[in-house]
Amino acid sequence: MASETFSGGCLCGAVHFEITGDVRTFLHCHCLRCRKSSGTGHASNLILKPDTATWVSGEDKLRTFKVPDAERFRTVFCADCGSPLPRIAADMSMAVVPAGSLDHEPEAIPVGRIFDDSKASWSCGNSELPVWPEYPQQ
Ligand SMILES: [Zn+2]
Ligand SMILES: [Zn+2]
């Protein structure tokens, strides 16, 4: 895939980022850690090989939490509003970008769901569920 620019930020607007790179994959993850850290049924993450990654604003607001018994799992979030933000490897080998943090629709679409065995029974993702564009209609 061609290199694409991903720009986004947090809910309060303090943190803005711009990352360019190739999307390796785009997944919904239903694991318990993603459920806990997102507060929802799954996390939707773009996995990139970044070419460039810039914190346009708010880098001082970034906080990181590494799950103590996890090999790698960590979260990056805004100190003021708690919004999940991209996790960028120090060696730029990989970036995990929460799709919901983007200000635009990425070209890529999700290719699958992972940790389906950990999926909560109430989580979305069953194809027979009704779909509404915004609020549910009666
Ligand atoms: Zn914020
Ligand atoms: Zn996960």
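The values are calculated or read from the model by the stated rules, or taken from the named source; none is laboratory data. Note that the structure is predicted; figures quoted are calculated from it, not measured. Here the Cβ is made from the backbone with ideal geometry for all residues, glycine too, and neighbour counts use every protein chain on show.
The condition of being of a type in the set (K, R), closer than 21 Å to D116 by Cα and out of contact with any Ser or Thr (no Cβ under 7 Å at 6 or more places or on another chain) holds for only one of R33, R63, R74, that being R33. Among residues of the range 43-65 that are of a type in the set (K, R), those with a Cβ under 7 angstrom from a residue that is away from ligand 1 (no atom under 13 Å from the Cβ), sequence gap 6+ or separate chain, pair up as K49/G21; K49/D22; K49/R24; K49/M94. When the test is whether a residue is within 16 Å of ligand 1 (Cβ to nearest atom) and either over 29 Å from W122 (Cβ atoms) or surrounded by 15 or more Cβ atoms within 10 Å (Cβ to Cβ) (or both), L62 passes it. Of all the numbered requirements in (1) exposed (fewer than 13 other Cβ atoms within 10 Å of the Cβ); (2) not in a helix (DSSP H, G or I), S123 misses one, and that requirement is (1). Considering every residue within the range 45-65, establish whether at least one is hydrophobic (A, V, I, L, M, F, W, C), over 17 Å from the mean Cα position of the chain (by Cα) and at pLDDT below 95. There is no residue in the range 45-65 that is hydrophobic (A, V, I, L, M, F, W, C), over 17 Å from the mean Cα position of the chain (by Cα) and at pLDDT below 95.
Is it the case, given these coordinates, that S83 is under 27 Å from G9 (Cβ atoms), within 16 Å of ligand 2 (Cβ to nearest atom) and of a type outside the set (F, W, Y)? Spelling it out, it is not the case that S83 is under 27 Å from G9 (Cβ atoms), within 16 Å of ligand 2 (Cβ to nearest atom) and of a type outside the set (F, W, Y).
Within the set G8, G13, the sole residue that is surrounded by fewer than 19 Cβ atoms within 10 Å (Cβ to Cβ), farther than 17 Å from S93 by Cβ and in contact with a Ser or Thr (Cβ under 9 Å, 6 or more places away or on another chain) turns out to be G13. If you go through the range 17-62 and keep only what is basic (K, R) and more than 9 Å from ligand 2 (Cβ to nearest atom), you end up with R24, K36, K49, K61.
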